[in-house]
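Asker: Pasting a structure here, questions to come.
The values are calculated or read from the model by the stated rules, or taken from the named source; none is laboratory data. Everything numeric in this text was worked out from a predicted model, so none of it was measured. Using ideal geometry, Cβ is built from the backbone for each residue, glycine included, and neighbour counts are taken over all protein chains shown.
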Amino acid sequence: MRILVVEDDRKVATFIQRGLEEEGYAVDVLHDGAAAADQAHCVDYDAAVLDLMLPGRSGFQVLRDIRAEKAELPVLILTAKSSLEERVTGLDSGADDYMVKPFALAELSARLRALLRRGKPRETRLNVSDLQMDVVRRTVTRGGRRIDLRPKEYALLEFLMRNSDRPVTRSLIIEHVWDIHFDSISNVVEVHINALRHKIDREFSPPLIHTVRGVGYMLTDTPP
């Protein structure tokens with residue numbers, strides 16, 4: 001899943017980015033409001049974390065722009081503005097949740113998960129053949145055996161499982177699993193695909209990850 005973070009305090013933005021990336025999210029960070037609405041319009045984000053006090057364009061203006069284009073995008077306001085009036089204004093302006101700084105990253109992450117479940121109903125248990133993923137507990141097993149994955153491996157596998165039985169292109173994988181700083185020339189997608197094959201296919205049958213020539217990859221128990 002891909003998250004947009006709009007925060008002018010670079011230390012806070014980096015703290016959020018690192019924490020969410022450790023959980024497997026792809027995270028894009030912007031530091032001013034002027035570009036945030038355009039970015040949200042151009043990219044298919046799963047959620048946004050938005051500060052209110054931004055240079056160039058206020059968070060309220062950004063929120064209105066987002067709502068004009070993407071009414072369903074979950075938006076969490078994260079701000080130092082803590083009065084009841086400001087919280088009510090934020091929620092009435094279209095925010096789905098409102099958190100006040102200072103904050104705990106664990107709570108921010110939990111609130112994002114709640115918004116993602118609410119905004120787009122998603123299965124919490126994914127199954128392809130004997131491969132199972134528990135999205136809530138973030139565990140993966142195959143044939144009853146637990147498989148340990150790194151955050152990006154987990155995010156890639158979740159994307160493949162949610163799109164099982166249909167091919168996905170490399171560019172689509174990049175859009176949903178990596179971020180705007182990704183080097184499109186890099187072979188990191190192929191490296192992670194090979195790592196997943198090593199972990200979920202090498203000692204099991206049938207193989208589930210398949211290369212679709214000229215297209216990309218597909219996770220299925222009925223190879224193309």
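Asker: Which residue out of ARG87, ARG150, ARG170 is more than 30 Å from ALA35 (Cβ to Cβ), over 13 Å from the mean Cα position of the chain (by Cα) and either at pLDDT 90 or above or among the charged types (D, E, K, R) (or both)? Spell out how you get there, then give the answer.
Answerer: On the way: ARG87 fails: more than 30 Å from ALA35 (Cβ to Cβ); ARG170 fails: more than 30 Å from ALA35 (Cβ to Cβ).
The unique qualifying residue is ARG150.
Asker: Looking only at segment 199-211, decide whether some residue is assigned to a helix (DSSP H, G or I), over 20 Å from the mean Cα position of the chain (by Cα), touching a residue at least 12 places away in the same chain (Cβ under 8 Å) and more than 18 Å from ARG2 (Cα to Cα). Walk me through it before giving the result.
Answerer: Step one: of segment 199-211, the residues assigned to a helix (DSSP H, G or I) are 199-200.
Within this subset, residues satisfying the condition of being over 20 Å from the mean Cα position of the chain (by Cα) are 199-200.
From what's left, touching a residue at least 12 places away in the same chain (Cβ under 8 Å): 199-200.
Adding the requirement that they be more than 18 Å from ARG2 (Cα to Cα) leaves 199-200.
Yes, segment 199-211 contains at least one residue that is assigned to a helix (DSSP H, G or I), over 20 Å from the mean Cα position of the chain (by Cα), touching a residue at least 12 places away in the same chain (Cβ under 8 Å) and more than 18 Å from ARG2 (Cα to Cα).
Asker: Has segment 71-92 got at least one residue that is in a helix (DSSP H, G or I), of a type in the set (Lys, Arg) and more than 17 Å from ALA13 (Cα to Cα)?
Answerer: Of the residues in segment 71-92, the ones in a helix (DSSP H, G or I) are 84-92.
Then drop every residue that is not of a type in the set (Lys, Arg), which leaves 87.
Then drop every residue that is not more than 17 Å from ALA13 (Cα to Cα), which leaves 87.
Yes: one or more hits.
Asker: Looking only at segment 44-63, which residues are exposed (fewer than 14 other Cβ atoms within 10 Å of the Cβ) and farther than 14 Å from GLU7 by Cα?
Answerer: Within segment 44-63, just ASP44 meets the criteria.
Asker: For the structure I just gave you, tell me whether GLY33 is at positive phi, more than 19 Å from the chain's Cα centre (by Cα) and in the same structural domain as VAL88 (by TED's automatic domain parsing).
Answerer: Numbers: at positive phi: no; more than 19 Å from the chain's Cα centre (by Cα): yes; in the same structural domain as VAL88 (by TED's automatic domain parsing): yes.
Taking the combined requirement at face value, the residue does not satisfy it.
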